[in-house]
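Trainee: After the structure tokens below, expect a handful of questions from me.
The values are calculated or read from the model by the stated rules, or taken from the named source; none is laboratory data. Because the structure is a prediction, the values reported are computed rather than measured. Cβ placement follows ideal geometry from the backbone for every residue including glycine, while neighbour counts extend to all protein chains displayed.
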Amino acid sequence: MARNPSAMKYKRQSDVRRLKNRATKSMIRTFSKKAIESAESGDMDEARKHQKVAVSFIDKAAKGSALHKNTAARKKSRLAQSIKRIDLASA
């Protein structure tokens, strides 16, 4: 438990950052899942729209400290691969 004022402030700041990072990561997962589900249902326009939103969240998270830049690149790549694989399988 933090006792001195600077440690207590650091704890408050880290709690706020943790919640913000959790929300960002949750949005990334949500829109990635929506993109894949849309692609599986055959609605590629909707899938691309959700993919664009997910990529935007991923880039913003990598710009800050929520995601490492390599993790962000990997997530974007895997999402694009998944959607493309589903699109090719359905064609």
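Trainee: Since S32 meets every condition but one in (1) outside any helix (DSSP H, G or I); (2) touching a residue at least 40 places away in the same chain (Cβ under 8 Å), which condition does it not meet?
Mentor: Condition not satisfied by S32: (1).
Trainee: Looking at K9, K25, which one is surrounded by 15 or more Cβ atoms within 10 Å (Cβ to Cβ), part of a helix (DSSP H, G or I) and of a type in the set (K, R)? It would help to see each step written out before you state the result.
Mentor: Working: K9 fails: surrounded by 15 or more Cβ atoms within 10 Å (Cβ to Cβ).
After ruling out the rest, the residue left standing is K25.
Trainee: Please go through region 37-51 and give me each residue that is surrounded by 12 or more Cβ atoms within 10 Å (Cβ to Cβ) and touching a residue at least 24 places away in the same chain (Cβ under 8 Å), ordered by number.
Mentor: Answer for region 37-51, where residues must be surrounded by 12 or more Cβ atoms within 10 Å (Cβ to Cβ) and touching a residue at least 24 places away in the same chain (Cβ under 8 Å): A39, E40, M44, A47, R48, Q51.
Trainee: Take the conditions exposed (fewer than 14 other Cβ atoms within 10 Å of the Cβ) and of a type in the set (D, E, K, R) and apply them to K34. Does it pass?
Mentor: Criteria not met by K34.
Trainee: Residues that are at pLDDT below 95 and more than 10 Å from the chain's Cα centre (by Cα): does region 48-65 have at least one? Break it down stepwise before answering.
Mentor: If we filter region 48-65 for residues that are at pLDDT below 95, which is where we start, we get 64-65.
Then drop every residue that is not more than 10 Å from the chain's Cα centre (by Cα), which leaves 64-65.
Looking through region 48-65, at least one residue is at pLDDT below 95 and more than 10 Å from the chain's Cα centre (by Cα).
Trainee: Can you find, within region 52-91, the residue that is surrounded by the fewest Cβ atoms within 10 Å (Cβ to Cβ) among those that are farther than 20 Å from L19 by Cβ and in contact with a Phe, Trp or Tyr (Cβ under 8 Å, 6 or more places away or on another chain)?
Mentor: Per the criteria, the residue is V53.
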